[in-house]
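J.: Below you'll find the structure I mean.
We did not get these values from a lab; they are worked out from the coordinates using the rules stated. Everything numeric here is computed off the predicted structure, so don't read it as measured data. Every residue, glycine as well, gets a Cβ built from its backbone with ideal geometry; the counts of neighbours run over all protein chains shown.
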Amino acid sequence: MARLLPSQPPTKLPKDTLKVFEALKTLPDHYFIWHHLAPWEQSSPDFLIVTYDAKVLLVKVCPAVHADVQSAVQMRLFGEPVSTFGKMETEVLERFVEKLNFPQGIEVATLVLFPNLPDARVQELRHTFQITKVYWAGKELLEGREEPWKAYFSNNPLPPLFIEKVRQQFSPEIVVPSHMTVRPQITRRLEAGLTDYLLDYDQERAVKSDLDLPEEDESLLNDFRLNIINGVAGSGKTLILIYRLRLLYNLYPQKRFLVLTHNRPLNFDMQARFARLNGGKLPENIEWFTFNGWCYHYWPRESEKWIEPIRIKPREQLAEEVCRKYLQDLPISTAMFLSEIDWIKDQLPMTREEYLQADRRGRGFGLSAEQRRRVFDAFSAYQQKLAEENLLDWGDVPQKMWNFLQDGTVVPPQYDVVMIDEAQFFAPLWMQIVKKLLKPGNSHLFIVADPTQGFLGRGGSWKALGIQARGRTHTLRKSYRTTLEILQFATLFYRTRVTEDPEEDILSPDLLNMPNGVLPEILLLSSSQDEIVRVANEVKEFVSRGYPKKHLLLLHTSQQGVTALVQAINSRLGKDAARDAKNDYPGDYVRVTTLNAGAGLESPIVFLVGLRELFEQEQSLRLSDDERETLIRDNTRKLYMAITRAGQRLVLTHVGEPPEVLSKIQAQLQSA
């Protein structure tokens, strides 16, 4: 069977085009066939066919029937003006080929296909109407045999870069403008006039699978359609989501869409990318939120006042006070207690009895039955203290929203399509809330994630999130964002420090044919102040050498460090030369934000700053063995994510002697 994209037509095609679509499926599997989708470009061939030996054929379907032919012939006999049937389709193909502007000797074969007329009649009319450059063929071509098709391809194969040019013009819905990617430009592509890129076959398949959304009066067999994209860092997951959104929006402009992310910088970045693809516009029927941002937007303020959640330091102090009173004689630190509070609040609301029976596998530390009872008592006391002081923490926000949805206090919008980026950071409760936002019976949930970055670092899985992923997942292992050296550094770092993860939680990248680049650089400084000064000076140097400010991304382990970096860079380069990416849309400025807020972002040049803080936390004498193991796992996943934000250059800074793991990996790569 031919490899057809999309494998199913996304909309109710004209019956003649559908007839050709079904016939093309029966060709052998060495035929690669694309069906034209872009609704914003109607005047285009219907199908592009490429053979295994690089021969190309463009096909346009003509819906003419016998009555049309008779009418046209009679009008021509009587000398009356006649619009030649097939003429419009022929002109579409001729204009398409002319626009390619290929040099002499490079040819693309073209065919107008008449699925309702016999070939003998079609050839007679082609001769009558003096059509010479474009082939015409009748319905016999649809009988499922390969041999007749071969006659319509040119004798000479098309060079790969010219095939890419044809595909870019035929499938604008998968063209990635150079300004939307951090891939390094390749000289031979530039010489061929190719500055933009195409999604690869696996990425395109992910974008175009299951596009046939049901109409209002139709229903799915299940409550909603589900597609999941698991991909390594840099495999284009966010790009796939944005391109799929554009395609669905143009195919179904009356539908209601919701895009959810984990953090604000990524949310801003995705909106900016979509707007660039959509003529600078963000349609009103597409909503963009972080998950907590959605909860904030739809909070029922008329019945319950919004309370700004407690900040990190006061929360830690409150938890420490509760720990001293309820857990002092147990080997449970404040950090472990806070982790357990977060885990409890990530689940559907549970009673004491439900918590005692809950499956805690993967939590990183075990609790006996008695310890569970004590922990839940401490949790209840923590919640009581928050209530007494009229406070919430961020984990209470989805808990309250769930209750609002259950009792009808909030009646949420019903979305036809919900799309989630960085879904590995979504909690089980969040996913249950998302399911309530899907229009019953005919909606679509599209999820992208990198499992290697961890499902909340709490032993999670798709099943634990309430998602049945089996048979609904596309896996992308090829990274296009970064260089071989950077990805090797990230992979070695991960595998050296996290050795006991289940195999299904590790998505190994395909390193074959990746571009080479500069080895990651580790800068050693004598103090935190020197670190800020050195990084600010490095940024100034990059900018003075002509690098755009927007090509630099700085990730610091603390918000205090972010503020210091922004101030230091602005003092050297001028006001607003650097900004916190959490607060604004992407622009011509150096993006600076925290490590936690960096998920989903990318940049040609990335600095990771303040690493000593993470590594020192792991060496604390106050940590139990279980707690240390959990912290190392979580920090490793954070740093893996941060390292893989870099496209071409990666600089890590550390105050004092570097951790052994960084020195060993750098030495290993240098000697390779």
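J.: Once the Cβ-Cβ distance between ASP342 and THR11 is put in as r, and R0 is 35 Å, what FRET efficiency do you end up with, to the nearest 0.05? Please report the intermediate quantities before stating the final value.
T.: Numbers: r = 44 Å, r/R0 = 1.25.
For ASP342 and THR11, the calculated efficiency is 0.20.
J.: I'm checking a number: the convex hull volume of the Cα atoms of the range 484-671, normalised per residue, in Å³. What is it?
T.: Hull volume normalised by residue count: 134 Å³.
J.: Moving on. I'd like the orientation of helix 396-407 relative to the chain: the angle between its Cα long axis and the longest Cα principal axis, in ° from 0 to 90, rounded to 10.
T.: 60 degrees
J.: Calculate, for GLU616 and GLN670, the FRET efficiency according to 1/(1 + (r/R0)^6) with r their C-beta to C-beta distance and R0 22 Å; round to the nearest 0.05.
T.: According to the calculation, E is roughly 0.25.
J.: Oh, and also: Within the range 294-366, list the trypsin sites (Lys or Arg not before Pro) lying in a DSSP loop whose Cβ has at most 13 other Cβ atoms in a 10 Å radius.
T.: Sites meeting the loop and neighbour criteria: ARG301, LYS305, ARG311, ARG361.
J.: So for THR238, THR499, THR128, fewest C-beta neighbours within 10 Å to most, what's the order?
T.: If I rank by nearby Cβ atoms, fewest first, I get THR499, THR128, THR238.
J.: What is the angle, in °, between the Cα long axis of helix 237-251 and the longest principal axis of the Cα atoms in the chain? Nearest 10 is fine, range 0 to 90.
T.: On a 0 to 90 degree scale, this one is about 50.
J.: Something else about it: Based on DSSP H runs of at least 4 residues, each adding -39500 (n - 2.57), what is the mean residue ellipticity at 222 nm of the chain after dividing by all its residues, to the nearest 500 deg cm²/dmol?
T.: My calculation for the chain gives -12500 deg cm²/dmol from helical runs alone.
J.: Just how far, in whole angstrom, is the range 245-268 from the range 103-147 if you go by their alpha carbon centroids?
T.: 41 Å
J.: Now for a separate question. So, with +1 on the Cβ of K and R and -1 on the Cβ of D and E, and no other charges, what is the size of the charge dipole of the chain about its Cα centre, to the nearest 20 debye?
T.: Charge dipole of the chain: 900 debye, to the nearest 20.
J.: Using the beta-carbon distance between SER303 and GLU657 and R0 = 51 Å, what value does 1/(1 + (r/R0)^6) give for FRET efficiency, to the nearest 0.05?
T.: On the way: r = 56 Å, r/R0 = 1.10.
With a Förster radius of 51 Å, E is 0.35.
J.: By how many nm would the segment from LEU391 to VAL518 grow when fully extended, if each residue of separation counts as 0.36 nm and the alpha-carbon distance is taken off?
T.: Separation in residues times 0.36 nm, less the Cα-Cα distance, equals 40.8 nm.
J.: For the range 3-170, what is the relative contact order in percent, using Cα pairs closer than 8 Å and at least 6 residues apart in sequence?
T.: So the answer I get is 25 percent.
J.: Taking every DSSP beta bridge with both residues inside the range 3-170, roughly what % is antiparallel (nearest 5)?
T.: Close to 45 percent.
J.: Right, something else. Quick check: the angle from helix 428-437's long axis to the longest principal axis of the chain, C-alpha only, nearest 10 degrees?
T.: It is inclined by approximately 40 degrees.
J.: Got a sec? Which residues in the range 256-273 would a label at LYS550 touch, if it sits 7 Å along Cα→Cβ and we count backbone N under 20 Å?
T.: 264-273
J.: Evaluated at 25 °C with a viscosity of 0.890 mPa s, what Stokes-Einstein diffusion coefficient in µm²/s does the range 312-398 have when Rh comes from the Kirkwood expression over alpha-carbon pairs?
T.: Working: Rh = 13.2 Å.
Taking Rh from Cα pairs, D becomes 185 µm²/s.
J.: Please compute the length gained on full extension between TRP40 and ASP510, using 0.36 nm multiplied by the number of residues separating them and subtracting their Cα-Cα distance.
T.: Extending this stretch completely gives an extra 165.7 nm.
J.: Could you tell me what percent of the DSSP beta bridges with both partners in the chain are antiparallel, to the nearest 5?
T.: In the chain, DSSP labels about 15 percent of beta bridges as antiparallel.
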